[in-house]
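Have a look at the structure below, then the notes.
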Amino acid sequence: MDPYVTEGKAALTKRCQDTSAVMDSLGLCNWPLMGLKFKNFVPLVRSCLGTDHDENSLLEIGERVWNAERAYNKKASPAHAEDTLPKRFSEEAIAEGPAEGQTFRLSEMLPEYYSLRGWDPDGVATPETLRKLGLEES
């Protein structure tokens, strides 16, 4: 993925977060994902748990975990401003090297990320998203 474009980064971030949530929930290390595809873990999960989960159903579990954590954190501290990085990353361009002049363009990617997650512009899960994931009580 081209490090200098924002296109596709929000979707990649969501996928990585959902995948990590599944791996964490299973008590598995995330490091193997550096060399193996997530779909390679599906047969392992199926045989260990005796379930018929496929890649999509596991990723939905990861999405549910991510949203449950988000709902909890939003209740504890509802500030939208927490979805950011230090100003240095977005305001100070890299001084030299192949990324010279680049800044991290989070403000371009965050709205797309929120939309992919089914969250409103303030980063709060919509009632439809919570209902879809069975998290209405969150």
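The values are calculated or read from the model by the stated rules, or taken from the named source; none is laboratory data. Only a predicted model underlies this, so the values are computations on that prediction, with no experimental measurement involved. With ideal geometry, Cβ positions are generated from the backbone for all residues, glycine too; neighbour counts draw on all protein chains shown. When the accessible area is computed, the model is the full protein with side chains, heavy atoms only, and any ligands, DNA or RNA have been set aside. Shrake-Rupley method; radii C 1.70, N 1.55, O 1.52, S 1.80 Å.
Of all residue pairs spaced 6 or more apart or on separate chains, none has beta-carbon atoms under 6 Å together with a first member in segment 34-49 that is among the polar types (S, T, N, Q) and surrounded by 12 or more Cβ atoms within 10 Å (Cβ to Cβ) and a second member that is outside any helix (DSSP H, G or I) and at pLDDT 90 or above. Say we look at segment 89-138 and pick out the residues that are open to solvent by 30 Å² or more (accessible area, probe 1.4 Å) and of a type in the set (Val, Ile, Thr); which of these is nearest to residue 3 (Cα to Cα)? Filtering first and then ranking leaves 103. Would you check if there is a residue in segment 102-116 being in contact with a Ser or Thr (Cβ under 9 Å, 6 or more places away or on another chain) and β-branched (Val, Ile, Thr)? Checked segment 102-116: at least one residue is in contact with a Ser or Thr (Cβ under 9 Å, 6 or more places away or on another chain) and β-branched (Val, Ile, Thr).
Yes/no matrix, rows are residues, columns are (1) closer than 18 Å to residue 130 by Cα; (2) over 17 Å from the mean Cα position of the chain (by Cα):
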{"residue": "32", "(1), (2)": "no, yes"}
{"residue": "35", "(1), (2)": "no, yes"}
{"residue": "38", "(1), (2)": "no, no"}
{"residue": "43", "(1), (2)": "no, yes"}
{"residue": "47", "(1), (2)": "no, yes"}
{"residue": "53", "(1), (2)": "no, yes"}
{"residue": "60", "(1), (2)": "yes, no"}
{"residue": "67", "(1), (2)": "yes, no"}
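Just to be sure before I move on: is residue 63 under 25 Å from residue 112 (Cβ atoms) and without any contact (Cβ under 8 Å) to a residue 24 or more places away in the chain in the structure I sent? Considered against the rule, which asks whether it is under 25 Å from residue 112 (Cβ atoms) and without any contact (Cβ under 8 Å) to a residue 24 or more places away in the chain, residue 63 comes out as no.
Sort out which residues of segment 6-33 are in contact (Cβ under 8 Å) with a residue 24 or more places away in the chain, open to solvent by 70 Å² or more (accessible area, probe 1.4 Å) and either part of a loop (DSSP other than H, G, I, E, B) or among the aliphatic types (A, V, I, L, M) (or both), and write them in order of number. If the condition is that a residue be in contact (Cβ under 8 Å) with a residue 24 or more places away in the chain, open to solvent by 70 Å² or more (accessible area, probe 1.4 Å) and either part of a loop (DSSP other than H, G, I, E, B) or among the aliphatic types (A, V, I, L, M) (or both), then no residue fits.
For segment 84-105, the criterion of a residue being touching a residue at least 40 places away in the same chain (Cβ under 8 Å) and within 16 Å of the chain's Cα centre (by Cα) is satisfied by no position.
Scanning segment 30-58 for residues that are at pLDDT 90 or above and under 24 Å from residue 119 (Cβ atoms) gives 55, 56, 57, 58.
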